[in-house]
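Step one of this worksheet: look at the structure below.
All of the numbers you see were taken from the coordinates with simple rules; none came from a lab. Everything numeric here is computed off the predicted structure, so don't read it as measured data. When we count neighbours, we look across all protein chains shown, and the Cβ atoms used for this are built from the backbone with ideal geometry, even at glycine.
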Amino acid sequence: MKTIPFLLLLSTVCHAMGQRPEPAPVQTRSILVQGGTVHVGDGRLIMDGVVGFRNGRIDHVGNVATVTATYDTVIDARGMEVYPGLILPDATLGLGEIDQVNATMDEREAGDRTPEVRAIAAYNADSRIIPTVRRNGVLLAQICPRGGIISGTSSIVQLDAWGTSDATVRVDDGVHLVWPDRYDRNGWWAEPGPTVKAEANKREAILSELEDRFLRASAYAQRTHPDPVDVRSEALKGLFTGARTLFVHADEAIAIQEAVLFARRVGVQRMVLVGGYDAWRVGDLLRENKVPVILRRLHSLPLREDDDIDLPYRLPALMKAQGLTFCLGYSGGMERMGSRNLPFVAGTAAAYGLDPEEALRAVTFDAARILGISNDYGSLQEGLSATLFISRGNVLDMRTNDVVMAFIDGRALHLDGIQESLFERYRRHNAGPGH
Amino acid sequence: MVLVLCSLARAQDIAPVNGPQDRDVPVHAFLHATVHVDPTTALADATVIVTGDRITEVGRRVKVPAYAVRYDLTGAHIWPGVVEPFCDLGMKSSMQRSGKEKGAHHWNDAVHATTMAAALYAEDSVRARAFRAQGVGLVVTHLRDGIVQGSGAAVLLADRSPALDVLLPRASANFSLDKGTSKDPYPSSRMGAIALLRQTVLDARWYARQGSEQLRDIDLAALNDLLDLPLVFEAKDRNDVLRIASLCEELGLRPIVKGCGDAYARASEIAATGVPLLLPLDLPAPLDVTDPFEAMEVPLSDLKHWELAPHNAHILRDAGCTFAFTTSGSERPDALWPALRRVVLAGLDTATAMAALTTVPAELFGLDDQVGAIRPGMLADLIISTRHLLDHQDTILETWVAGRRFVQVDRNRPDVHGTFDLNLDARIYRLEVTGMGPTPRATVRNLTGDTARVKASVQLEGQRVGLAFEGRKLGIAGPVRLNGILHRDGAIWDGHGQMPDGRWIAWSALRQVGEAPERVRMGRDERTLDSLYALPPGDIWYPDMAFGSPRPQDTLTAIFRHATVWSNGPDGILRNMDVCVAGGRIKAVGRDLRIATLFPGRHPPLVEEIDATGKHLTCGIIDEHAHIAISGGVNESGEANSAEVRVGDVIDPDAIAIYRSLAGGVTTVQQLHGSANPIGGQSSLIKLRWGRDADGLRIADAPKFIKFALGENVKQSWSTRATRYPRTRMGVEQLMMDAFQQAREVQRSQDAYAALRPKERALTPAPRRDLRLEALAEVLRGERHITCHSYVQSEILMLLRLADSLGFHVNTFTHVLEGYKVAPELRAHGASASTFSDWWAYKFEVYEAIPYNAALMQEAGVNTAINSDDAEMERRLNQEAAKTMKYGGTTREKAWEMVTLGPARMLHLDQRMGSVEVGKDADLVLWTDDPLTIDAHVVMTLVDGVPYFDAERDKELRSAIVAERQRIIGRMLAEQRAGARVRKARVQREGQWHCESLGQRP
C-alpha cells in the first residue's frame, strides 16, 4: 500500500494537454480516498472519512478508523471534500455544440409530437463542452430532446466516454412532454408586454388530441405482436408499464394541476414534473400522486413581476417545507455551457434556506432517485458505482469549487481540457519572451 | 340684417345639383330647454335659435320668428357638441399604402409630411353615426401612419360633401414614435424613431435655409409648414409623454400629447412640462379574478392601473395639467358617457369634464370661435338630451351638426315600460313591461290568486304595438294575439285581437297610476356600482407597481459601525471600520468615528447608527454592460451606422429589473445599445434610483459613450439571406473607416463655419447638422468614448489599428472573450476590457472563449471588468466576480474590483464611485457576508445615500403587495357582483434583452 499526494497522481494523468481529454481507462488498481470530509449525498457527512473502491465499485465508506482492507493506491484527501458525482437532469449536452451554428444542433426534431426521437441516437460524447462541465463536478447527465409538445425520449449518460455505447447509463429512461402553454405571447419580443390566454378552443383541441394519443398508446401497449409497428406508440408504451417515466415540463400552478390529472387519467405509471416554479403551491396534489420535481434553474428571474425577488432562489426551501422530493436542473438559455454552474445553483439553495447537505442531495442522491439510477449513482455507499470527486473546498460555492480529482465507475478522469491548456499557453505568451 | 345673417349662416355649395337647388335657409327654435352654453353656465328655460348652420341667438328672452321650426324641449337639455380631437375617421381606405411613395419624397418611408387628411377624407357613415350618437359634432382626424404623419383635418360630421364638412383642412400636424406601415428597415426601435424625428426636424430647417438648393424633398418642405400647426404626438405610455416633451423642448417645439390614461403616476413631472394632453376615455374593465391561481398572473401594476385609470383626469387637474378627452382607443363607441360618468364619480368636477370635451379641444386647435360652446355666431353643433349628460338615465335624443338634425332616439316615442291592467275578453290581467329597444320584455299574469306568469312578446313600431302570449296557464284555451295603438305616451294601449278560438275581440291596457317609467339596464345594479366608483383609490406608488412605494426614501445621514470595509483603496479590506454617509456622499471612513467631530456646531443632524458588526460594506456594483430599463428595443438595427440614436431617449424607469438589480448590490449601469450594427447608438449611464422618473435615473454630467460592434452579429451571420453591408469582418473595417472619414469632413465644415467672422457668418447659411456623423466627430475629438462589442483576436486588433491610424482611442472592448490572446496589445493601446465570467459556445466566435479570460487580461495589466449583459446575471455579479478566483486564481481584492472600480475606471466615473473613500458618492452595499461567497445576501443598497433597497423594508413591501392585491381584487369582485362586465386576465412575462436582441418585429 502506497500513499501518494493527489497532485502527483494528477500530474500523471495530465498528458493530454491541448486536446480534449482522453477518456480514462477502466479501474485496475484499487483506490482509497482517505482523510477528507465525505459528503455521502443522502445528507450524511463523515468527517475524517474514507471511500474505498475497486473494479469501479465502492467497497468501503466510513471513518478513517474503519478501514480494514488494503488498497493499491491511497489518496491523501485531508482538508478536502469528497462528493458523489453531481447529476445534471434535463440537459442537452452532446445534442448541440454551438447554438448559432445550425449544423451543430441536434436537439429539436421537426413536428410537435415526436416521442420516437431518441437523444442517445445523436449524443456526441466528444462535445468540447462536456469536459468543462465535468471539471466542476458534474459527472452524469440526462440528455433530452427539446421543443414541441412531445419532445422525445431521453437517456442518461456518464460524462467520460468514447462514444454512446460506453456513455449510456440508462437508455431511453423517459419521454418528455412540454405541457401546452396556457398563454399566448402577444406583441413582439422587444416590447414583450402582454400575453393573452391561449385561445381556449385551440388549446382544448391540442389537449384532447394529446389525451387521445396517450389512450391509444396505452391500448397499443397491450398488443403482444403489434403489426404494423407504430414508432410513436412504441416510444410511449413504456409509460404504461413503468419502463419509462413521463417528464412533464410545466411551471404554472394550473398547468401542473392539469398535467398531474392528465397523467393519472391516461394511466401513466410514473411522472416527474420538470420546471415546477409553482409546485410548492400545489404540494398536496404532487404528494398524493407521488410526483417528484426537477426544479427549473434557480439562477433565473421571478416568473411574475410581483413575485418575491428571491423566490426562484427559495424554491428548494419551499419544496422542502411541503415535504416534496426534488432535484435541481439547469435547462434554459445557454444551458449546455452554463451547466458547469449546476453546483452553484445548489449553493444558492443552501444560501436560501436549505442545509448544505440537503442542497447537495438535490444534485446527487435525490437526482439519482428521480432519474431511477440510485442503485448505482448519487451517493457514496458500499456497492454503488465509484463515481465521485474531490474538491479543495466547498464545491457549491464558486469561490471554493476546485475539483482536483474525479472518478466515474472508478476510472480516474483527465480533468483539464482545452480551456486549461489555452490558459497556460497564453499566460506564457503574454508574459513575453524569456518566460 | 337677417339677409346678411342668412348668407353667413349657410354654407355655399358650388357643386351643381341635379334639379332645383335647396335654397331654403331654415330657422330652428329650441324652446324651454336647459341650455348649457359653456362648461360653467346653464340657462334654465332658455331658447336657442339656429339659422342655417349657425347659432344666431341664445337666451331666456329671445323673440322667436314666426317662420322658425319650433321644438318644445321642456325638461330637456341642450349642450354644445363634443369635439373629438384625435381620431382617424375617414382614413381607413388610405391605410393600405403599397410600398414606398412615388415622387420626390423623404428618403425614409415613415416620414409622410405631405400627407393631408383633408385630401384623403372619405365618408365613413357607420363610424360617423357612432360618433354622433355620443354627441360628437366635430372631429380632428388624421392618417395614423408613420412617424411624421402629415396634417390632420377638422371635420364636421354633418353628412354633407367633404368640401362642406371639412371645417379646417390643416388643423393639426401629427407625429408618433411608431413607423407604421413603412417597410424601411430604419428605424426598428423607439430610440431610432426619436432619432429620426430629431434629425428630420433639423433637416427641414436646413432645407428652408439652403438644402433646397441641393436636393428637392417635398416632405421636408411640407414639414416646415407643419411645424406652425398644433403639433400632436401620440404616446404609448406616461414615459413616452415625458420623452416627447423633452424631445420637443430640445427642438424648440410645443407639442400636444395624446397620452394613455396612465399619466397619473407621473402627474407632477408631466405638469411641469406644460404639455397639454389628450386623455383617452377607455377605462379598463375589471378582470376576471375568480380563480386565485389565474389571478396570480395579473401583475399588481395592471390591478393598480385598473383602479387608478378613472382617477387619471382629476389627478392631472390637481397637478395643473391642461387636457382634453378623446374616445380614441376605446373598443366600444358608446363608452364615452359611461366612462366620463365614472371619471366624474372618481372626483373630476363636471365643469372640467365638460370643458375637456368641448372648449379645451376647441382651443387647442384654434377652433374656439366656431365650436365648443353655444353662442351666437358659432356653428350649430348641439346635443339634446333628456337629462344631464352625466346622469346614467340620460338619453341623447338628437345631435345637431352644422345646423343639421340627427335624431338618435325618437323624442316622441312612447315609453311602454311599467305595470298595466290588461282588459281582455271581459277579464283583467296584469301586464308588466321591462327592457329596452323595440322589443321590450313582458309578462302576463292573473290579477288575483295564483302565481302563474307567462312570457309575452311585444313588438313596437312607432305608435303601433303587437302583443302575443300563450294563455293556457292563465285559463285561456291557447295563444292570444293582439294589435293596438299607443296613446298618452304609452300609458294607454288599445285595439283588437284574435283569441285561440278565432274570435276577434277588443282589448285595452292601462298603466297603473303612480308608476314612473324607468329605463333600467338589465343585470346592472347602478346604485351599487356608483358607490363603488366613488370609492377613493389606493395610493399611487413610485413606480406604480410591485415594490414601488407611495413616498420616496430619505437620504441617510448615518454611520455604519464595525463593518468589514472593502475599500478598493490602497488599504484593501479593513476590519472593524466605521463609515459615515451624509448629503449623499461618503463623509468619513475610520475607526470609532465621533459624531461631534464629524458634525461640529451646536446643531448636529440626527445621525442614524447602523450596527454592521460581522457584515461587509462595499461600494455599489457597477455593470458596464447592461440592457435593463430600456423601452422599445435595444438595437437600432435598421442601418449599419446608427450613431445618432440615444439609449438615453428611452430609459424605462418602471422596469422591475431596476429593483431586482439593486437587491443584488448594483447601483450603476451603462445602458448599452445592442450589437446589431458596427456603429451602434449612444449609451446612457444611470444610477438605480428606483421610483424616480427617467431623468431622475440619469447620472448628471456623465461622460459620453457609444457602442460599436464587430463580428458575427454585425455581419448578420444568423441570416443566410441578409444583404446589408457588411457581411464580413473585412467590410466592418471599411465601413468604420468610411464613417470616420465622413465625420472628419463634417468636423472640417463645422470648424470652417465656426471660424468665420461674425459678419461673414451672418451671410453664410449654417452647414447641415448631421447627428450621426457629429457623434463620430465627438469620438475623433476624444469627447465620446467607444465601448466595442468584440470576440475574436483579429477583429480586436483591426479596430486597434484603425483607431491608431485615425488618431482616436478605443476606450473599452466589451465581451472581448479572446482578449486573453491580445492582452499585451490591449494594454499598449490603453483599452479596458469588460467580459463575461464563463460564457462561451453560443456562437462560433466564442468557441475559444475561456473562463480564465478576465484573470489573464487583468494579470497582463488591462483594466478589466466582469459585466452581465443580462438582467438575471446582473443581480449576481458578485458571484460572477468570484468566479475569477476559481478560474485563474485572482485575489479577493482584484476579483471585487472587476465589478466595481474596474468598470468605474472604464466609464470614467472613478472620481465619483468605485471605492469606499471619503468624498465619493454614497453608493454602498451592506452584505451579510463576504460578497464573493455564494452565501452573501444584500442587507441594504444605498445610491447617493438613499437606501433604495433595504432587506427589512423589502419584507414590508412584500406584505404591502399582497395587501394591495387583495384590496383591489376585492373591489373587482364587488363590481363583478354588481353586474360590471369583466375581461379575461392577461399575463405579463418579461422578455430579457441581451445585446444580440434585435429591435425588430418578427
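Based on DSSP H segments of at least four residues, each scored -39500 (n - 2.57), chain B has a per-residue ellipticity at 222 nm of -7500 deg cm²/dmol. Diffusion of the range A:301-400 by Stokes-Einstein, at 25 °C in a medium of 0.890 mPa s and with Rh set to the Kirkwood radius over alpha-carbon pairs, works out to 168 µm²/s.
Dividing the convex hull volume of the alpha-carbon atoms in the protein assembly as shown by its residue count gives 266 Å³ per residue. Let a ≥ b ≥ c be the square roots of the eigenvalues of the Cα gyration tensor of the range B:63-122; is it rounded (a/c under 1.5), or, if not, prolate (a/b larger than b/c) or oblate? Taking the square roots of the gyration eigenvalues as a ≥ b ≥ c, the range B:63-122 is prolate.
Taking one quarter of the surface of the C-alpha convex hull of the range B:325-408 gives a mean projected area of 6.0 nm².
Taking amide H as placed 1.01 Å from N in the peptide plane, B:Gly680 has its amide H under 5 Å from the amide H of B:Ser642, B:Lys707, B:Phe708, B:Ala709, each at least 5 places away in sequence or on another chain. Counting only Cα atoms, the size of the range B:712-858 along its three principal axes is 62, 39, 21 Å, in decreasing order. For B:Lys821, the lysines whose Cα comes closer than 19 Å to its Cα, not counting residues fewer than 8 places off in the same chain, are B:Lys843.
Highest mobility in the GNM of chain A, judged by mean-square fluctuation with C-alpha springs under 10 Å and restricted to A:Ser385, A:Ser233, A:Ser339, is found for A:Ser233. In this label model, A:Gln269 and B:Gln393 are separated by 7.3 nm, measuring between points 7 Å along each Cα→Cβ vector. Over the range A:86-377, the hull volume per residue, using the convex hull of the C-alpha atoms, is 141 Å³.
Partners of B:Lys473 within straight-line reach, counting lysines whose Cα lies under 24 Å from its Cα and excluding those fewer than 8 residues away in the same chain: B:Lys455. In chain A, the longest principal axis of the Cα atoms and the axis of helix A:311-321 are about 90 degrees apart. Is the range B:221-273 best put as rounded, prolate or oblate by its Cα gyration tensor, with a ≥ b ≥ c the root eigenvalues, rounded for a/c under 1.5, and otherwise prolate when a/b is larger than b/c, oblate when not? Prolate, because a/c is 1.5 or more and a/b exceeds b/c.
Have a look at the DSSP beta bridges in the protein assembly as shown and tell me what percent are antiparallel, nearest 5.
65 percent
In whole percents, the pair-distance distribution calculated for chain B from its alpha-carbon pairs, binned every 20 Å from zero, is 12, 33, 31, 16, 7, 1.
Distance distribution P(r), the range B:125-238, all Cα-Cα pairs, bin width 5 angstrom from 0: 2, 11, 16, 18, 17, 14, 9, 8, 3, 1, 0 percent. Positive-end ranking of B:Val83, B:His815, B:Ser794 along the dipole of chain B, with charges on Cβ about the Cα centre, is headed by B:Val83.
State whether the range B:796-843 is rounded, prolate or oblate according to the following rule on the C-alpha gyration tensor (a ≥ b ≥ c being the square roots of its eigenvalues): a/c under 1.5 gives rounded; otherwise a/b larger than b/c gives prolate, and the remaining case gives oblate.
Prolate, because a/c is 1.5 or more and a/b exceeds b/c.
Legend: mean number of C-beta atoms from other chains within 10 angstrom of residue C-beta atoms, peptide B:841-850, equals 6.
Mean sequence separation of contacting Cα pairs (under 8 Å, at least six apart), scaled by the length of chain B, corresponds to a relative contact order of 11 percent.
Of the residues B:Phe469, B:Pro414, B:Ile428, the one whose Cα sits farthest towards the positive end of the charge dipole of the range B:383-498 is B:Phe469 (charges of +1 on Lys and Arg Cβ, -1 on Asp and Glu Cβ, taken about the Cα centre).
Between the amide H of B:Lys258 and those of B:Phe233, B:Glu234, B:Ala235, B:Leu278, distances stay under 5 Å, these residues lying 5 or more places away or on another chain, with hydrogens modeled in the peptide plane.
A simple charge model with +1 on the Cβ of Lys and Arg, -1 on the Cβ of Asp and Glu and nothing else charged puts the dipole of chain B at about 1660 debye relative to its Cα centre.
What whole-number value in cubic angstrom gives the convex hull volume per residue for the C-alpha atoms of the range B:231-369?
Per-residue hull volume (Cα only) is 115 Å³.
At q = 0.13, 0.16, 0.17, 0.19 Å⁻¹, what is the base-10 log of I(q)/I(0) for the range B:418-511 according to the Debye formula with one equal point scatterer per Cα and no solvent? Please give it to two decimals. So the normalised log intensities are -0.37, -0.58, -0.66, -0.84. Legend: mean number of C-beta atoms from other chains within 10 angstrom of residue C-beta atoms, peptide B:866-878, equals 2. When restricted to Cα atoms, the range A:42-116 yields an Rg and a Dmax of 21.1, 59 Å, respectively. Using a cutoff of 8 angstrom between alpha carbon atoms and counting only pairs six or more residues apart, the relative contact order for the range B:418-511 works out to 22 percent.
Each Lys and Arg Cβ is given +1 and each Asp and Glu Cβ -1; about its Cα centre, the protein assembly as shown then shows a dipole of about 1500 debye.
Counting only aspartates and glutamates at least 8 places from B:Lys179 when in the same chain, those with an alpha carbon closer than 14 Å to its own are B:Asp109, B:Asp145, B:Glu234, B:Glu636. Each Lys or Arg adds one and each Asp or Glu takes one away; over the other residues whose Cβ falls under 14 Å from the Cβ of B:Pro162, this sums to -4. The mean number of Cβ atoms from other chains found within 10 Å of a Cβ in peptide B:51-58 is 0, as a whole number.
A simple rule links phi to the HN-Hα coupling: the Karplus curve 6.51 cos²θ - 1.76 cosθ + 1.60 with θ = phi - 60°, which for the range A:261-278 gives 5, 4, 4, 5, 5, 8, x, 5, 6, 9, 10, 10, 8, 10, x, x, 4, 9 Hz, with x for Gly and Pro. Near B:Leu932: Cβ cut-off under 13 Å, other residues only, Lys/Arg at +1 and Asp/Glu at -1. The net charge is -1.
For the range B:837-946, the alpha carbon positions stretch 44, 29, 25 Å along the principal axes, listed from largest to smallest.
P(r) tail, the range B:73-197: Cα-Cα pairs separated by more than 17 Å, 59% of all pairs. With a threshold of 24 Å on the Cα-Cα distance, the over-threshold entries among B:Lys92/B:Lys183; A:Lys237/A:Lys290; B:Lys92/B:Lys236; B:Lys258/B:Lys304; B:Lys704/B:Lys886 are B:Lys704/B:Lys886. Taking a sphere under 12 Å around the Cβ of B:Arg971 and counting the other residues whose Cβ falls inside, with K and R at +1 and D and E at -1, yields a net charge of +1.
When DSSP beta bridges are restricted to pairs lying wholly in the range A:86-377, around 40% turn out antiparallel.
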